[in-house]
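S.K.: Have a look at this one before I ask anything.
The values are calculated or read from the model by the stated rules, or taken from the named source; none is laboratory data. These numbers were taken from a predicted model, which means no experiment stands behind them. Methodologically, a virtual Cβ is constructed for each residue, glycine included, from the backbone with ideal geometry; neighbour enumeration extends over all protein chains shown. Side chains included, ligands, DNA and RNA excluded: accessible areas come from the protein's heavy atoms. Shrake-Rupley method; radii C 1.70, N 1.55, O 1.52, S 1.80 Å.
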Amino acid sequence: MQDHASTATPPAAATPAVSPSATSLLQRIAGYHIGILPLPLYLVGLACVVAFVARGKVPTDLCIMAVLLSVCAFTLAEIGYRIPLLRSVGGPVILNTFLPSALVFYGIMPTVMVSSITTFYKQSNFLYLFVAAVVVGSIFAMDRKTLLANILKIVSPLVISSLAATVVGLAVGAAFGMEWKYTLFFILVPIMAGGVGEGAVPLAIGYAAIMHNSQAEMMGHILPIVAMANVCAVVIAGALNALGKRKPGLSGDGALLIDSKDNTLNAADTGAPLLADVLSPAIAGLSLLTLYAVSVAIEHLVDLPAPLIMLMLAVLMKMAKLVPPTMEHGARWVYRFFAAACTYPLIFTVGVVLTPWKPLVAAFSPAICITILATVLTLAIAGFLVARRSRMFPIETAIIAVCHAGSGGTGDVAILTAGRRLNLMATAQVSTKIGGFVTVTLALLSFSHFY
């Protein structure tokens, strides 16, 4: 018995005891999250970021930048969620978009961090990876009939809201003494042009060629208008989401069509089963990237941007039943991963690299700001009012309508994130890209007749 006792586990009293209160505290700390990051993981990542900055060299490889962008973006998102009034109008998105831009302009953000983020964004093409995963992933994962109905039914509200916004914008501009041609071509058209790459750039090139001015001068005027319109759209989307929570009858909780609420990607995500086959999202992810590669190849043959080509090809594949069920299931998980992990880091990156703080502030004038706000607000109100006639939910329709005033793909991400409707990305792309393409085309065709 003595030998047995000598080899037995020491009594519990002989080991350092952890009090229940201390254990509970550790569990609470471990369970607290900054964004999607558990607090211990966040603190380790933050320490690494501080160490890299202090050393004066931040690596630009994917692994390090993923940590840096996640720590910075989710910090701002958490702050945005904690400010009551700001939280209701898309605070996390607003802070991630404009605070980094201000920090860069005023020299508060370390230069080494700015240069590393800029290099990573330009070399990695992070935006198009995100767009491929979220846009095409949401298309592949959505019910085919619901997708087609969403695209067809959103056209009428989009046209009506665009016309109403144009009329109101012209009236407000006239009330401030602005010439109608200036209001139309240099304020309203940039608002609804579809963003920067597919909207502001061709507009600037076309306007400069017709007026014999420099493209840089035109871009300097157009970009702040696009940026301010995107801010208004983000705030309005956040306010619409808050309204939907208070008035559930106006919201489809992510479903656009009243008759097919249970068929949306959002509904499919709820309680989705765990993956039985990890190859499913892997195959889906490679398929999305291949579709993007095909779109880039076609871009050199036709005069259309690759994201728009990719959107059209994805819809055609879905309509032709060329997407097998296993790929649909995998695409849903790819979409969910990128939506949860990459949305705020992408918005933060765009705030650092692409949001011009000085031109944005310089362009602020009461006349221009009120005209922009009235135009974007009319988009939302008109979409809201005509939604029921088309058997659509007013909140979702209004959010899709204000995406017409977004700054391209990143604008849609910011607007839909503020409105908590990221699953409507495919329909929002129709509003932004196709609506913007039509707007730019009509504007350039008519611009030469007035200038």
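S.K.: Among what's in segment 225-271 and is among the β-branched types (Val, Ile, Thr) and closer than 23 Å to Leu152 by Cβ, pick the residue that is modelled with the highest pLDDT.
M.R.: From segment 225-271, those among the β-branched types (Val, Ile, Thr) are 225-226, 231, 234-236, 258, 264, 270; that's our starting set.
In the following step, the residues that additionally are closer than 23 Å to Leu152 by Cβ were identified as 258, 264.
Working: Ile258: 84, Thr264: 47.
Residue satisfying both the conditions and the ranking: Ile258.
S.K.: Being over 19 Å from Cys403 (Cα atoms) and either surrounded by 15 or more Cβ atoms within 10 Å (Cβ to Cβ) or modelled with pLDDT under 85 (or both) is the filter here; which residues of segment 356-373 pass it? Spell out the reasoning first.
M.R.: Taking segment 356-373 as the starting set, the residues that turn out to be over 19 Å from Cys403 (Cα atoms) are 356-368.
Listed by number, the residues that qualify are Pro356, Trp357, Lys358, Pro359, Leu360, Val361, Ala362, Ala363, Phe364, Ser365, Ala367, Ile368.
S.K.: Moving on. Output the residues belonging to segment 46-71 that are over 16 Å from the mean Cα position of the chain (by Cα), open to solvent by less than 30 Å² (accessible area, probe 1.4 Å) and within 14 Å of Met109 (Cβ to Cβ).
M.R.: Selection gives Val49, Val58, Leu68, Val71.
S.K.: Tell me the residue from Met425, Met392 that is closer than 22 Å to Lys145 by Cα and touching a strand residue (DSSP E or B) at 6+ places or on another chain (Cβ under 7 Å), please.
M.R.: Details: Met425 fails: touching a strand residue (DSSP E or B) at 6+ places or on another chain (Cβ under 7 Å).
Only one candidate qualifies: Met392.
S.K.: With the checklist (1) modelled with pLDDT under 95; (2) open to solvent by 10 Å² or more (accessible area, probe 1.4 Å); (3) part of a helix (DSSP H, G or I) in hand, flag the one item Leu170 doesn't pass.
M.R.: The one condition Leu170 does not meet is (1).
S.K.: Follow-up. Out of Ala208, Ala204, report the one residue that is buried (at least 23 other Cβ atoms within 10 Å of the Cβ) and either more than 27 Å from the chain's Cα centre (by Cα) or at pLDDT below 90 (or both). It would help to see each step written out before you state the result.
M.R.: Details: Ala208 fails: buried (at least 23 other Cβ atoms within 10 Å of the Cβ).
Only one candidate qualifies: Ala204.
S.K.: Counting just the residues of segment 277-288 that are in contact with a Ser or Thr (Cβ under 8 Å, 6 or more places away or on another chain) and open to solvent by 40 Å² or more (accessible area, probe 1.4 Å), which one comes out modelled with the lowest pLDDT?
M.R.: Asp277
S.K.: Would you mind telling me which numbered condition in (1) farther than 21 Å from Met319 by Cα; (2) open to solvent by less than 10 Å² (accessible area, probe 1.4 Å); (3) at pLDDT below 85 Phe74 fails?
M.R.: Of the numbered conditions (1) farther than 21 Å from Met319 by Cα; (2) open to solvent by less than 10 Å² (accessible area, probe 1.4 Å); (3) at pLDDT below 85, the odd one out for Phe74 is (3).
Quick grid of which residues meet (1) closer than 30 Å to Leu170 by Cβ; (2) assigned to a helix (DSSP H, G or I); (3) open to solvent by less than 40 Å² (accessible area, probe 1.4 Å); (4) in contact with a helix residue (DSSP H, G or I) (Cβ under 6 Å, 6 or more places away or on another chain):
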residue: Thr290; (1), (2), (3), (4): no, yes, no, no
residue: Ile298; (1), (2), (3), (4): no, yes, no, yes
residue: Leu311; (1), (2), (3), (4): no, yes, yes, yes
residue: Tyr335; (1), (2), (3), (4): no, yes, yes, yes
residue: Thr343; (1), (2), (3), (4): no, yes, yes, yes
residue: Thr349; (1), (2), (3), (4): no, yes, yes, yes
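S.K.: Listed residues Val353, Val376; which is open to solvent by less than 10 Å² (accessible area, probe 1.4 Å), among the aliphatic types (A, V, I, L, M) and closer than 28 Å to Phe105 by Cα? Even if it seems obvious, please write down each step before you answer.
M.R.: Working: Val353 fails: open to solvent by less than 10 Å² (accessible area, probe 1.4 Å).
So the residue among Val353, Val376 that is open to solvent by less than 10 Å² (accessible area, probe 1.4 Å), among the aliphatic types (A, V, I, L, M) and closer than 28 Å to Phe105 by Cα is Val376.
S.K.: Just for helices (runs of 4 or more DSSP H) wholly inside segment 357-435: which have at least 2 residues that are of a type in the set (Val, Ile, Thr)? Give the derivation first.
M.R.: On the way: elements: 357-362, 366-386, 394-402, 408-418, 425-429.
Filter on segment 357-435 gives 366-386, 394-402, 408-418.
S.K.: Test Leu147 against the stated conditions and say whether it is part of a helix (DSSP H, G or I), free of Cβ contacts under 8 Å to residues at least 24 places away in the same chain and open to solvent by less than 60 Å² (accessible area, probe 1.4 Å).
M.R.: Numbers: part of a helix (DSSP H, G or I): yes; free of Cβ contacts under 8 Å to residues at least 24 places away in the same chain: no; open to solvent by less than 60 Å² (accessible area, probe 1.4 Å): yes.
Here the answer is no, as Leu147 does not meet what is asked.
S.K.: Right, another one. Please work out which one of (1) at pLDDT 90 or above; (2) assigned to a helix (DSSP H, G or I) is the condition Ile222 fails and give its number.
M.R.: For Ile222, the failing item is (1).
S.K.: Please give the number of the condition Val89 fails out of (1) within 19 Å of Cys342 (Cα to Cα); (2) modelled with pLDDT under 95; (3) not polar (S, T, N, Q).
M.R.: With respect to (1) within 19 Å of Cys342 (Cα to Cα); (2) modelled with pLDDT under 95; (3) not polar (S, T, N, Q), Val89 is out only on (1).
S.K.: Just the residues that are within 23 Å of Gly45 (Cα to Cα), in a helix (DSSP H, G or I) and open to solvent by 60 Å² or more (accessible area, probe 1.4 Å), please, taken from segment 77-110.
M.R.: Ile79, Tyr81, Arg82, Leu99
S.K.: Mind telling me which of the residues Ser116, Ser162 ends up being buried (at least 19 other Cβ atoms within 10 Å of the Cβ), at pLDDT 85 or above and under 30 Å from Val50 (Cα atoms)?
M.R.: Details: Ser162 fails: under 30 Å from Val50 (Cα atoms).
After applying the criteria, what remains is Ser116.
S.K.: Being open to solvent by less than 50 Å² (accessible area, probe 1.4 Å) and among the β-branched types (Val, Ile, Thr) is the filter here, so list the residues in segment 313-332 that pass it.
M.R.: Those that are open to solvent by less than 50 Å² (accessible area, probe 1.4 Å) and among the β-branched types (Val, Ile, Thr): Val315, Val323.
S.K.: Consider Met1 against the criteria (1) farther than 30 Å from Val112 by Cβ; (2) loosely packed, with under 11 Cβ neighbours inside 10 Å; (3) at pLDDT 50 or above: it satisfies all of them except one. Which criterion is unmet?
M.R.: Among (1) farther than 30 Å from Val112 by Cβ; (2) loosely packed, with under 11 Cβ neighbours inside 10 Å; (3) at pLDDT 50 or above, Met1 violates only (3).
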